[in-house]
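Notes follow the structure.
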Amino acid sequence: MDILISPIAEFTSNPITLGFVVSLFVLHYYLPKLYLKHKENKTLQKIFELKTTEELSEEEINKYYIFASFKMFALILLSFFIGTGVAGGYITMQRIKDNKVKYNNTLNYNSGESEQIFLINSNSIYYFYVQKGNKSIKIAPIGAIKNIEKSLDVGMLSK
């Protein structure tokens with residue numbers, strides 16, 4: 001289930017990301033029509049690596065431009081996910097190395113033990129975190145965790 005929901009969560013997590021994805025959908029909806037309108041433009045063919053459509057029928061041209069548009073859409077979306085994933089992971093790694101993370105969560109185990117942590121992320125099976133005083137990433141199964149308490153920043157409450 002996480003695999004199906006995570007792209008939607010990624011899209012809606014930030015207004016800039018949401019605007020980018022919506023504009024990407026709209027652009028690629030109209031892109032085959034733009035290709036068709038400017039099919040004689042050699043610069044456009046070169047930029048988008050389109051083949052010449054002189055010997056194709058009108059229906060084949062439409063199918064080809066729809067496929068080219070879909071291929072570009074998939075490439076841009078894949079690049080977006082890989083780029084944000086790599087960049088986000090790198091930034092988190094640097095913050096952990098430089099000890100610039102806030103350990104504002106308390107992880108309480110079912111055994112009664114607890115520890116201060118920086119929660120990196122979670123999914124439906126595991127929590128990924130860094131324990132205070134340690135720079136290695138730990139993974140805990142959700143079944144072993146009683147609860148996670150988030151400490152509020154006192155400065156945030158006074159604003």
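Within the option set I148, I96, I120, I66, being surrounded by 10 or more Cβ atoms within 10 Å (Cβ to Cβ), among the β-branched types (V, I, T), closer than 26 Å to I8 by Cβ and within 23 Å of the chain's Cα centre (by Cα) holds for one residue only, I120.
Among the criteria (1) at pLDDT 90 or above; (2) over 30 Å from K132 (Cβ atoms); (3) open to solvent by less than 50 Å² (accessible area, probe 1.4 Å), the one F80 does not fulfil is (1).
The single condition among (1) of a type outside the set (S, T, Y); (2) open to solvent by less than 50 Å² (accessible area, probe 1.4 Å); (3) under 30 Å from the mean Cα position of the chain (by Cα); (4) under 30 Å from S23 (Cα atoms) that I61 does not satisfy is (3).
Just so you know, in region 3-24 the residues that are surrounded by 12 or more Cβ atoms within 10 Å (Cβ to Cβ) and farther than 17 Å from G85 by Cβ include one that is modelled with the highest pLDDT, and it is L24. Within region 103-117, track down each residue that is under 25 Å from the mean Cα position of the chain (by Cα) and surrounded by fewer than 15 Cβ atoms within 10 Å (Cβ to Cβ). Of everything in region 103-117, just one residue is under 25 Å from the mean Cα position of the chain (by Cα) and surrounded by fewer than 15 Cβ atoms within 10 Å (Cβ to Cβ), namely N104.
The values are calculated or read from the model by the stated rules, or taken from the named source; none is laboratory data. Source: prediction; values computed, not measured. A quick note on method: Cβ atoms are made from the backbone with ideal geometry, for glycine too, and the neighbour counts reach across all protein chains shown. Remember, those area values only see protein heavy atoms, side chains included, never the ligands or the DNA or RNA. Shrake-Rupley method; radii C 1.70, N 1.55, O 1.52, S 1.80 Å.
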